[in-house]
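Before any comments, here is the structure.
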Amino acid sequence: MVAKIKSGKSLTGALNYNENKVKQGKAVLIAAAGYPKDPADLSFNDKLFRLTDLASMNQRSKTNTVHVSLNFPSGEHLTDETLRGIAGDYLEGIGFKTQPYLVYRHEDAGHPHIHIVTTNIKRDGDRISLHYLGQNESEKTRKAIEIKYSLTKAEQQPKLKADFKASIDLAEYGKAETKRTITNILGFTLRAYKFTSIPELNAVLQQYNIQADRGAKDSRMYTRDGLVYWITDKQGNKLGVPIKASTIYGKPTLKTPEEKFRLNEQLRKPFKAAIIKTLDEVLAKPQTKKSFQQALNEKGIRCFLR
C-alpha cells in the first residue's frame, strides 16, 4: 500500500475534486464517518458543511484540509468493506480517529485506490499537527495495515507510478470542463514527476496536451511572475482560453513549481546513473533522431526533443 497525504486550505476544492469524479462515473462514495446520514442520503452541502463547521473552530489556522490517497497494486482486489476498514485504521493510526471523513473509491486508474477527505481541526478548535505526519505516523500505520490485511508491501510496488500514468486521460478541448481537466492532470504530474524548470514541466505536460505559460518576457504577466495553463492540440497549438494558476485547486502558481524545483533536484539524483548508462548503451552505435527515441522508448525512457 502506498499512502500519500496532501494538506491544503480548501475543503471545497478537495471535495469538488472527488465529487466531479463521481459525476464522471469514475468514483463512488463508500463511507461517510461522523455524519448523521447514510452516504447515499448526503447532499454536497451536507458533506461540505460537516467539515467546514469544524474548520471554523480555528480561524487562525490557514491549513484545514487533509486529502489522503491510499493506493494498491493492480492485482489486489479489495471489497468496499475492506477499503472502509483500511481507511478507518489508517486515520486512527495517524491521529484522526475522532474526525469526520469521506471515503471515495476511485476507478480512474490501472490500480485500486481510495481518496479520503477530512479536516485537521478538532471540535475544541485544536489543530492536529501535520508536521512530519507522512514520514512518521503514516509510515508506521501503513506497515501495520499491510500486515493486518495481508496487502502487498509498498516496497514491492516498483511499477505503481507507471500504472498511474496510464490512468490519466489526455486533455481534449471541449470534452470536459477545461479547468477540471487541467486540475486533474496537474495534480498528477506535480506529484509523479521530478522536473526542475518550467520547460521540463512542459515536457511532461505536453504528453497530456497541457502547457504552462509565463507569457512573453516583456509582458506584464511575466514580470509579475504570473502563470497560466492552456489545453493544446496534438501539435501544441493553444486552444480556448487560458486558466490562471491562482484559480486552480492547490494553486500551482509559479511559486509552487519553483519550490518543487529545488526539492526535485535532490529527489531525482538516484535515477541519474541508470539513465546515463542507458544513454551510453544506445549511443554506442549511430542513431537517427527517430531511432534514438525509439531505442530509448524500448528501454522505458521517453525522449522529448526541444
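The values are calculated or read from the model by the stated rules, or taken from the named source; none is laboratory data. Bear in mind that the values here come from a model prediction, so they are computed numbers and not experimental data. Heads up, the Cβs are rebuilt from the backbone with ideal geometry, glycines too, and the neighbour counts pull from every protein chain shown. Please note that ligands, DNA and RNA were not included when accessible areas were found on the heavy atoms of the full protein model with its side chains. Shrake-Rupley method; radii C 1.70, N 1.55, O 1.52, S 1.80 Å.
In the range 247-282, which residues have a backbone nitrogen under 13 Å from the label point lying 7 Å from Ile301's Cα in the Cα-to-Cβ direction? The answer is 271-282, whose backbone nitrogens lie closer than 13 Å to the label point. Spatial offset of the range 1-75 relative to the range 224-286 amounts to 28 Å, using the alpha carbon center of each. When every Cα-Cα distance of the range 1-47 is counted in 5 angstrom steps from zero, the calculated P(r) takes the values 5, 17, 23, 28, 20, 7, 1 percent. Remark: the range 74-80, residue by residue, has Karplus-estimated 3J(HN,Hα) of 4, x, 8, 10, 10, 6, 4 Hz, where x stands for each Gly or Pro and the curve is 6.51 cos²θ - 1.76 cosθ + 1.60 at θ = phi - 60°. Per residue, the range 204-306 exposes 70 Å² of solvent-accessible protein surface, assessed with a 1.4 angstrom probe and all protein chains in place. For the chain, the share of accessible area belonging to carbon and sulfur comes to 51 percent (1.4 Å probe, ligands and nucleic acids excluded).
Here the Gaussian network model covers the chain, with springs between Cα atoms less than 10 Å apart; of Arg224, Arg123, Arg60, Arg224 fluctuates the most. Between Gln266 and Arg220, the C-beta separation translates, for a Förster distance of 25 Å, into a calculated FRET efficiency of about 0.15. Computed over all pairs of different Cα atoms, the Kirkwood value for the hydrodynamic radius of the chain is 21.2 Å.
Placing a pseudo-label 7 Å from each Cα along the Cα-to-Cβ vector at Leu170 and Asp41 gives an inter-label distance of 4.6 nm. Report note on the peptides 86-98, 272-284: ranked by the mean count of other C-beta atoms within 10 Å, highest first, their order is 86-98, 272-284. Here the Karplus relation 6.51 cos²θ - 1.76 cosθ + 1.60, evaluated at θ = phi - 60°, turns the backbone of the range 40-49 into coupling constants of 5, 9, 7, 7, 4, 5, 4, 5, 6, 5 Hz, with x for every Gly and Pro. Distance between the modelled labels on Asn16 and Arg123, one decimal in nanometres: 3.1 nm (7 Å Cα→Cβ projection). For the chain, a Gaussian network of Cα nodes joined below 10 Å ranks Ser197, Ser138, Ser150 by mean-square fluctuation, and the top entry is Ser150. On C-alpha positions alone, give me the angle between the axis of helix 269-282 and the longest principal axis of the chain, in degrees, nearest 10. That helix lies at roughly 30 degrees to the long axis. In straight-distance terms, cross-link reach from Lys37 covers every one of the aspartates and glutamates whose alpha-carbon lies under 15 Å from its own, apart from those fewer than eight places away in the same chain; here that gives Asp46.
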